[in-house]
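Student: Dumping the structure here so I can ask a few things about it.
The values are calculated or read from the model by the stated rules, or taken from the named source; none is laboratory data. Please read these numbers as outputs of a predicted model, since none were measured by experiment. Cβ coordinates were reconstructed from backbone atoms using ideal geometry, including for glycine residues, and neighbour counts include every protein chain displayed.
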Amino acid sequence: MLKGNAKTIHIRSNSEKASYAFALAGLLENKEFLSRGIVIKDESSWDFMLDTENSLILIPYKFKPENLGYANQNGHFVLIPETLNVSYTIGDVVKLEKMDRHNRIDALKSMGLNKREAEKIYKDTHGYLAPIRRHQKLRANHIVPDWVNQFKTDILITTLIVTEWNSENENDKEIISKLADISYNDFETELLKLASVSDSPVRQVGNIWQVISKMDFWVLISHKINKKTIESLESIIFEVLGETDPSYDLSAE
């Protein structure tokens, strides 16, 4: 992949972080690639490195570089970490399939976890890399995703409470509309935006919307839930759901 004529390679997975980790792992496995690999964090550094005579492997981090063709003409390979939602392409594309359950659990066990712990983490996160990294059993000092503060609290809380629903089921749509206090069409418009961001907490499979990891979602947005939020939602929750999900013990603090 990193031999022959220089080119741009888009690495796409469920999250930009997973794509970035894959790119770095590829460099770490080869001393030659590692010696040529450079992570670039801004456009000015990018412009400076393009005129370097030695053939480099350039990895832009959290910005969209310009002059990709010029970089390739100067002998540089470019690895661009992206999500699967990106549609445009200049260069080759590598799509990373989600690791199957057996291999993901084996990978967790290789980190020193026992089988029971590894299976628990997989169950809590559905095997998605970003929620795994934030799982409490791994004691990670995680960075809060941008979407936590970009979307309205009502949208996030409603999504967490309902967890999974059918976008063509009128009863599901009515419940969501009441919880979010907006029309379902407006709610789904926001949800489509949420699903397209890096490290998204939701996914859509056909007509089914799902929260990827309830535990991870709860940890990330629980600070937004206060006594007023609980009181305003309580009557609606009991009306439309009968009982709240016992897996959540909401604190009034």
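Student: Working carefully through the options ASP100, ASP92, find the one that is acidic (Asp, Glu) and either more than 25 Å from GLU32 (Cα to Cα) or modelled with pLDDT under 85 (or both).
Tutor: Testing whether each residue is acidic (Asp, Glu) and either more than 25 Å from GLU32 (Cα to Cα) or modelled with pLDDT under 85 (or both) leaves just ASP100.
Student: Residue check, ILE80 against (1) in contact with a helix residue (DSSP H, G or I) (Cβ under 7 Å, 6 or more places away or on another chain); (2) surrounded by 13 or more Cβ atoms within 10 Å (Cβ to Cβ), all met but one. Which one?
Tutor: Going through the list (1) in contact with a helix residue (DSSP H, G or I) (Cβ under 7 Å, 6 or more places away or on another chain); (2) surrounded by 13 or more Cβ atoms within 10 Å (Cβ to Cβ), ILE80 breaks only (1).
Student: Working only within the stretch 91-119, note down all residues that are of a type in the set (D, E, K, R) and surrounded by fewer than 15 Cβ atoms within 10 Å (Cβ to Cβ).
Tutor: Listed by number, the residues that qualify are ASP92, LYS95, GLU97, LYS98, ASP100, ARG101, ASP106, LYS109, LYS115, ARG116.
Student: What number of residues in the stretch 10-42 are assigned to a strand (DSSP E or B) and among the hydroxyl-bearing types (Ser, Thr, Tyr)?
Tutor: The number of residues fulfilling the criteria is 1.
Student: Same structure, new question: Identify the residue in the stretch 43-72 that is in a loop (DSSP other than H, G, I, E, B) and more than 22 Å from the chain's Cα centre (by Cα) and, among all such residues, is surrounded by the most Cβ atoms within 10 Å (Cβ to Cβ).
Tutor: LEU56
Student: Has the stretch 50-71 got at least one residue that is farther than 29 Å from TRP147 by Cα and aromatic (Phe, Trp, Tyr)?
Tutor: Within the stretch 50-71, one or more residues are farther than 29 Å from TRP147 by Cα and aromatic (Phe, Trp, Tyr).
Student: Here is a further query. Got a sec? Which helices (runs of 4 or more DSSP H) wholly within the stretch 127-199 have at least 1 residues that are under 15 Å from the mean Cα position of the chain (by Cα) and of a type outside the set (A, V, I, L, M)?
Tutor: Helices (runs of 4 or more DSSP H) meeting the threshold: 129-134, 147-150, 184-196.
Student: Further question: Could you check LEU96 against (1) touching a residue at least 12 places away in the same chain (Cβ under 8 Å); (2) more than 20 Å from the chain's Cα centre (by Cα) and say which number it fails?
Tutor: (2)
Student: I'd like the residue in the stretch 156-195 that is within 27 Å of ASN226 (Cβ to Cβ) and of a type in the set (Gly, Ala, Ser) and, out of all such residues, is surrounded by the fewest Cβ atoms within 10 Å (Cβ to Cβ).
Tutor: Selected residue: SER183.
Student: Follow-up question, since we're still on this one. Go through the stretch 32-66 and report how many residues are among the polar types (S, T, N, Q) and within 16 Å of ILE80 (Cβ to Cβ).
Tutor: Selection size over the stretch 32-66: 1.
Student: Are there any pairs, at least 6 apart or on different chains, whose C-beta atoms fall under 7 Å, with the first in the stretch 45-64 and under 23 Å from GLU29 (Cβ atoms) and the second of a type in the set (D, E, K, R), and if so, which?
Tutor: Listed by first residue and then by second, the contacts come to SER55/ARG36; LEU56/ARG36; ILE57/ARG36; TYR61/LYS41.
Student: Just one of GLY26, GLY75, GLY37 is over 23 Å from ARG203 (Cα atoms), under 22 Å from the mean Cα position of the chain (by Cα) and either among the polar types (S, T, N, Q) or outside the structural domain of PRO131 (by TED's automatic domain parsing) (or both); which is it?
Tutor: The unique qualifying residue is GLY26.
Student: Give the residue, chosen from LYS3, LYS17, that is surrounded by 14 or more Cβ atoms within 10 Å (Cβ to Cβ), among the basic types (Lys, Arg) and at pLDDT below 90.
Tutor: So the residue among LYS3, LYS17 that is surrounded by 14 or more Cβ atoms within 10 Å (Cβ to Cβ), among the basic types (Lys, Arg) and at pLDDT below 90 is LYS17.
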